[in-house]
1. If the range 101-141 were replaced by its equivalent ellipsoid, with semi-axes equal to the square roots of 5 times the Cα gyration tensor eigenvalues, what would those be, largest first, whole Å?
2. Under a point spin-label approximation (7 Å from Cα along Cα-to-Cβ), what is the Leu148-Arg106 distance to one decimal in nm?
3. Count neighbours as other Cβ atoms within 10 Å of each site's Cβ, and list the trypsin sites (Lys or Arg not before Pro) in the range 16-92 that are DSSP loop with at most 11 such neighbours.
4. Calculated FRET efficiency, Ala189 and Arg161, Cβ-Cβ r, R0 22 Å, to nearest 0.05?
5. At 7 Å along the Cα-to-beta-carbon direction for both Leu134 and Thr49, put a label point, then send me their distance in nm to one decimal.
6. If you take the square roots of the eigenvalues of the alpha-carbon gyration tensor of the range 6-159 and sort them as a ≥ b ≥ c, do you get rounded (a/c under 1.5), prolate (a/b over b/c) or oblate?
7. For the range 96-153, which GluC sites (Glu not before Pro) are in a loop by DSSP, counting at most 13 other Cβ atoms within 10 Å?
8. Give me the extension gain from Arg182 to Asn94: residue separation times 0.36 nm, minus the current Cα-Cα distance, reported in nm with one decimal.
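Where a number appears in this text, it was derived from the coordinates with a stated rule and is not lab data. In this text, all values refer to a predicted model and were calculated from it rather than measured experimentally. All Cβ positions, even for glycine, are placed from backbone atoms using ideal geometry, and neighbour counts span all protein chains on display.
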Amino acid sequence: MPPHEVYIEAFVGSGAIFRNKRPAKASIVIDIDADVARYWRQHRPTSTTVICGDARSLLRDRTYTGRELVYCDPPYPRSTRRWQFPLYRHEMTNRQHRELLATLKRLPCSVMISGYRCALYDRALAAWHRIDYLASIHRPPHFAVESLWFNYELQALHDWRYLGNGFRERERIKRKQSRWRRRLSSMPAMERLAMLDLLLELATSEAASPPGRPESSETASRTRSPKNSSPGSRQGRDRDPSPHSAIRFFSEHPPPPGMLERSSK
Ligand SMILES: C[S@@+](CC[C@H](N)C(=O)[O-])C[C@H]1O[C@@H](n2cnc3c(N)ncnc32)[C@H](O)[C@@H]1O
């Protein structure tokens, strides 16, 4: 999931994703089924608003800031099902799916939608990214290929616990994090801040020139090492703190009294 401040899960049902994701500053869950909404009103975290209503019009009529992530898991289109009997009290016709997709394509924020591939979705979401994955289902053959479509480029994550493809890679990253944590915690605090400054600088310059985009001269001068920098370029102590640098961060969020002295011994 991309970073977001407000998480909106329409078609929430039992909230398999909502319950397992890192909470956002504020969340909104939507379901048309009154029993589902009642359940969430009784069990919601305090930062969550529950709305009982039709997700299609609620998503269409809302005002967005751009810092939302909208996730939809609507009832699957009939054409994708092996069994044609209704699964939910409220199902959606193909026309309603088309309306929903048209609304989602106009939203000015990050959007993801999951479901089974079908001509309707493939056509409407052809310009979006799609990943396919095996999901467990209740009936034989117990697994089915589900898809997730999304409209954003993933450059950072809302929840870094899920970084990595598959369990082994995630475990490898966790082990690396533990090693770095041990090394960083044993460093004097000022040295640790120097590492933070470096990390923020690398992240800032990467965001300014993503792969494939030529480096701007300003970014190039910020990331160039003293060895290969041109004469007269501003480096080290002379340069202004970048907007994300640790220097700027700590001038705006002073550390608690004693923090630096205590850990730098
Ligand atoms: C596929 S299920 C969602 C499953 C969910 N991801 C979970 O983890 O349980 C679809 C849900 O959408 C709800 N629903 C159906 N039509 C809706 C609509 N127009 N607006 C909002 N919710 C709707 C149903 O009540 C059902 O709970």
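1. Semi-axis lengths for the range 101-141 are 24, 12, 9 Å.
2. 2.7
3. Passing both the DSSP loop test and the Cβ count: Lys25, Arg82, Arg89.
4. With a Förster radius of 22 Å, E is 0.25.
5. 4.1
6. Verdict is rounded for the range 6-159.
7. Glu153
8. 26.3 nm
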